[in-house]
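**Q** I have a structure I would like to understand better, so I am pasting it below and will then ask my questions one at a time.
The values are calculated or read from the model by the stated rules, or taken from the named source; none is laboratory data. All figures in this text were calculated on a predicted structure; none of them were measured in a lab. Reconstructed Cβ throughout: ideal geometry from the backbone, glycine too, with neighbour counts over all protein chains shown. Heads up: the accessible areas ignore ligands, DNA and RNA and are worked out on the full protein's heavy atoms, side chains in. Shrake-Rupley method; radii C 1.70, N 1.55, O 1.52, S 1.80 Å.
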Amino acid sequence: MNTHELCCIGHITLDKVVTPKHTVHMPGGTSYYFSQAICGFNDIRYLMITAVGETELDVVEKLRSKSIEVINKPSRYSVCFENIYGENQDNRTQKVSAKADPFIVDYLADVDAKIYHLGTLLADDFPIEALKYLSTKGLVSVDVQGYLREVRDENVHPVDWTEKLQALPYIHFLKCNELEMEVLTGYSDVKKAAEQLYEWGVKEVLITLGSMGSVVYDGQTFHKIPAYKPQEVVDATGCGDTYMTGYLYQRAKGKSIEEAGKFAAAMSTLKIEKSGPFQGIKEDVEACMQTAPQSFPEI
C-alpha cells in the first residue's frame, strides 16, 4: 500500500498579481495552490515536495502549521513570477525575474505515492528522467503549462515541448487549456487535440476551457464537464491548479471521471470568487455543484 494517496511536486513562487483593480504580492505556484486547497480535505494522505530559496522558508513553515506534510529540497533561489491580467481573466501576461533549481531523480527516491502531480512552472523544472522514474512508482499527473514556457530576458515566451513524444507515454493525467493544446498538437479542435494526446500515450486528457467548462478524454468517451458560474470574478490565479486538486483528490478516492470533473470545476468556481488559494471544505464544493448555474462545453 502506498504511504501517500497523493503527492504534489513543484516550486513555491513569489508572485506579483496585477489586475485592473489591484496589485497583490503573495506566494504562488502549482504546489502552493494545490496544497492550500487540499488541506480542507482531511480524509486523504497527502505530501508536498517543493524547493525554495531561503526567502520563502517561512511559507513552508506556514504550510506545515496547517498540518500539511512538506519535504523541502535546497534551491539557490525561489521562482519569482509577475502575472498581469486585463479585464478578461482568461488571458494574462507573465514575467519571471528569478528561477529555482530543477527537481532531480535523487530528490524523489524516498517518496511513495499512488498519484504524483507535477506542477511545472518552467520548461526545465522536471527533466524527463524524473517523469520516467515516478511512473514506475505510481500514476503521473502533469499540468503542461510549464513545459510550454521559456524565459528570455525575464519575459515568458510560449514554446512547444520538444521532448513531448518521449515524455507523454509516462503520463497518466495531462492537463492543458485550449491554447496549450493547440501548441502541443497543432489542433484548435478539442476532440482532435485530445485524440492526438491520447494517441501519444496520455491515459486521461483534461482540457480546460475557462468559463466554457472542460473536457476529459479517456480514449473512449469525451466527458463534457460543466462550468459553474461564479457569483463574482475576483482572481483567476491558481484556478487550473485548484481544478487539478479537486480532480486528483476525487480520482485518488476512486470516483469516476464525471464525478471528479464536476467536483474540480466547482472548486475552481469557488476559488475564482476570492483572492488567494481555495480555502473551503468538501461541503462547500458540493453546495456549489447543487446551486450554481452551469454551462456545458460545446465540442
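**Q** Listed residues SER67, SER75, SER31; which is touching a residue at least 60 places away in the same chain (Cβ under 8 Å) and more than 30 Å from GLU178 (Cβ to Cβ)?
**A** Answer to the selection: SER75.
**Q** Where in the stretch 132-214 are there strands (runs of 3 or more DSSP E), lying wholly inside it, with at least 3 residues that are surrounded by 18 or more Cβ atoms within 10 Å (Cβ to Cβ)?
**A** In the stretch 132-214, 139-143, 173-177, 204-208 are the strands (runs of 3 or more DSSP E) which contain 3 or more residues that are surrounded by 18 or more Cβ atoms within 10 Å (Cβ to Cβ).
**Q** A further question on this structure: Out of everything in the stretch 72-92 that is part of a loop (DSSP other than H, G, I, E, B) and at pLDDT 80 or above, what residue ends up being surrounded by the most Cβ atoms within 10 Å (Cβ to Cβ)?
**A** Residues of the stretch 72-92 part of a loop (DSSP other than H, G, I, E, B): 75-78, 86-91.
Those still in the list that are at pLDDT 80 or above too: 75-78.
Details: SER75: 20, ARG76: 11, TYR77: 18, SER78: 24.
Step by step, filter the stretch 72-92, then rank; the result is SER78.
**Q** So the check is Cβ under 7 Å with 6+ separation or different chains; which pairs have a first residue in the stretch 93-116 that's in contact (Cβ under 8 Å) with a residue 12 or more places away in the chain and assigned to a helix (DSSP H, G or I) and a second one that's open to solvent by 70 Å² or more (accessible area, probe 1.4 Å) and not polar (S, T, N, Q)?
**A** Filtered contacts from the stretch 93-116: VAL105/GLU129.
**Q** A further question follows. Looking at the stretch 4-16, I want the residues that are among the acidic types (Asp, Glu) and have a partner that is surrounded by fewer than 22 Cβ atoms within 10 Å (Cβ to Cβ) and assigned to a loop (DSSP other than H, G, I, E, B) with Cβ atoms under 8 Å, at least 6 apart or on another chain. Which pairs are those?
**A** Within 8 Å, the pairs are GLU5/ILE44; GLU5/ARG45; GLU5/LYS253.
**Q** Can I ask one more? Might you check whether a residue that is farther than 28 Å from ASN155 by Cα, modelled with pLDDT under 95 and over 18 Å from the mean Cα position of the chain (by Cα) occurs anywhere in the stretch 24-41?
**A** Looking for residues that are farther than 28 Å from ASN155 by Cα, modelled with pLDDT under 95 and over 18 Å from the mean Cα position of the chain (by Cα), one finds none in the stretch 24-41, hence no.
**Q** So, one more: Just give me the residues in the stretch 255-280 being part of a loop (DSSP other than H, G, I, E, B) and either touching a Lys or Arg at 6+ places or on another chain (Cβ under 8 Å) or surrounded by 13 or more Cβ atoms within 10 Å (Cβ to Cβ) (or both), in sequence order.
**A** LYS255, GLU273, LYS274, SER275, GLY276, PRO277, PHE278, GLN279, GLY280 - these are the residues of the stretch 255-280 that are part of a loop (DSSP other than H, G, I, E, B) and either touching a Lys or Arg at 6+ places or on another chain (Cβ under 8 Å) or surrounded by 13 or more Cβ atoms within 10 Å (Cβ to Cβ) (or both).
**Q** Can you tell which of GLY119, GLY138 is touching a residue at least 24 places away in the same chain (Cβ under 8 Å) and closer than 23 Å to GLU56 by Cβ?
**A** Exactly one of GLY119, GLY138 is touching a residue at least 24 places away in the same chain (Cβ under 8 Å) and closer than 23 Å to GLU56 by Cβ, namely GLY119.
**Q** Only strands (runs of 3 or more DSSP E) wholly contained in the stretch 1-63 count here; list those with 1 or more residues that are among the β-branched types (Val, Ile, Thr) and surrounded by fewer than 19 Cβ atoms within 10 Å (Cβ to Cβ).
**A** 13-18, 23-28
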